[in-house]
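Student: Okay, here's the structure, questions in a sec.
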Amino acid sequence: QSTVRSGSGQTNPSRGTYIAVITNRSTTLVIRGFMLFSIGVFLALVLNLLQVQRNVTLFPPDVISSIFSSAWWVPPCCGTASAIIGLLYPCIDCRLGEPHKFKREWSSVMRCVAVFVGINHASAKVDFANNVQLSLTLAALSIGLWWTFDRSRSGFGLGVVIALLATLSTQLLVYNGVFQYTSPDFLYIRSWLPCIFFAGVITMGNIGRQLALYECKLMSEKTHQD
């Protein structure tokens, strides 16, 4: 156990414990952020490969630089966004004093990831009569994903806000010619894109919450052992 000596030569174990806890929390926060970043990069590579193969998104030849036919900046951007979202969700839960307790197990999180991949798969491969039908179907699936794996008001609100901001950012990128969508029907993008963003936010939020819960359990066990 670490102790800190005061000016009078007496030890102050509580201060030493406090410094140790702060250091451990900072370290675990960095580790959790790195894990979320890695998950975001992996999902971006897989899902973007699906979109490119179906000619949903088109990148200029001079920015194609990976084996997954994706622009180099896409995975890092998605990884960074995933890390921010995954760290933000448990933080918001703590701020609101409403700890998320609905279906808190890894099996539920993995099913949520599978549903999110399925929604993205449907946007690229399932043929619908028109874009309106496709957008409404994906919107229903995305809300169903939130209802099945989240059901928190903070999760829904944060998902909507981030999805709108991501949609606006994508519009600006397409407008400036960074990449383009085939058959755009919502200004410069596809109308179902906000649904994909919303489902992705809910998915990464659930992963972030579960990682934070696992971290809290480990710290609690370590505290009891000390």
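The values are calculated or read from the model by the stated rules, or taken from the named source; none is laboratory data. Worth saying up front: this structure is predicted, and the values here are computed from it rather than measured. Here Cβ is always computed from backbone atoms with ideal geometry, including for glycine, and neighbour counts include all displayed protein chains. Just the protein is used for accessible areas: all its heavy atoms, side chains included, with ligands, DNA and RNA removed. Shrake-Rupley method; radii C 1.70, N 1.55, O 1.52, S 1.80 Å.
Student: Find how much the distance from residue 42 to residue 27 grows on full extension, using 0.36 nm per residue of separation minus their present alpha carbon separation; answer in nm with one decimal.
Tutor: Between residue 42 and residue 27, full extension yields 3.1 nm more.
Student: Pop the C-beta distance of residue 130 and residue 161 into the FRET formula with R0 = 35 Å and round what comes out to the nearest 0.05. Intermediate results must be reported in sequence, preceding the final value.
Tutor: Numbers: r = 28 Å, r/R0 = 0.81.
That gives a FRET efficiency of 0.80.
Student: Still on this structure, please answer the following. Looking at region 83-138, which trypsin sites (Lys or Arg not before Pro) are DSSP coil and have at most 14 other C-beta atoms within 10 Å of their C-beta? Before the final figure, lay out each step's value.
Tutor: On the way: sites: 95, 101, 103, 104, 111, 125; in loops: 101, 103, 104.
Loop-located and lightly packed - 101, 104.
Student: Continuing with the same structure: Relative contact order for region 113-207: what percent, with Cα pairs under 8 Å and sequence separation of 6 or more?
Tutor: Values: 82 pairs, mean separation 38.1, N = 95.
For region 113-207, the relative contact order is 40 percent.
Student: Roughly how far apart, in whole Å, are the Cα centres of region 149-178 and region 119-140?
Tutor: Cα centroid to Cα centroid, the span is 18 Å.
Student: Additional query: Keeping all protein chains in the complex and leaving out DNA, RNA and ligands, what accessible area do you get for residue 121 with a 1.4 Å probe, in Å² to the nearest 10?
Tutor: 80
Student: Now for a different question. HN-Hα J couplings of region 116-132 from phi, Karplus 6.51/-1.76/1.60, θ = phi - 60°, integer Hz, Gly and Pro as x?
Tutor: So the Karplus estimates, Gly and Pro as x, are 4, 4, x, 5, 5, 4, 5, 5, 9, 10, 7, 8, 10, 5, 8, 5, 5 Hz.
Student: How many nm separate the modelled label positions at residue 216 and residue 187, each set 7 Å beyond the Cα in the direction of the Cβ?
Tutor: With each label point 7 Å from Cα toward Cβ, the separation is 3.8 nm.
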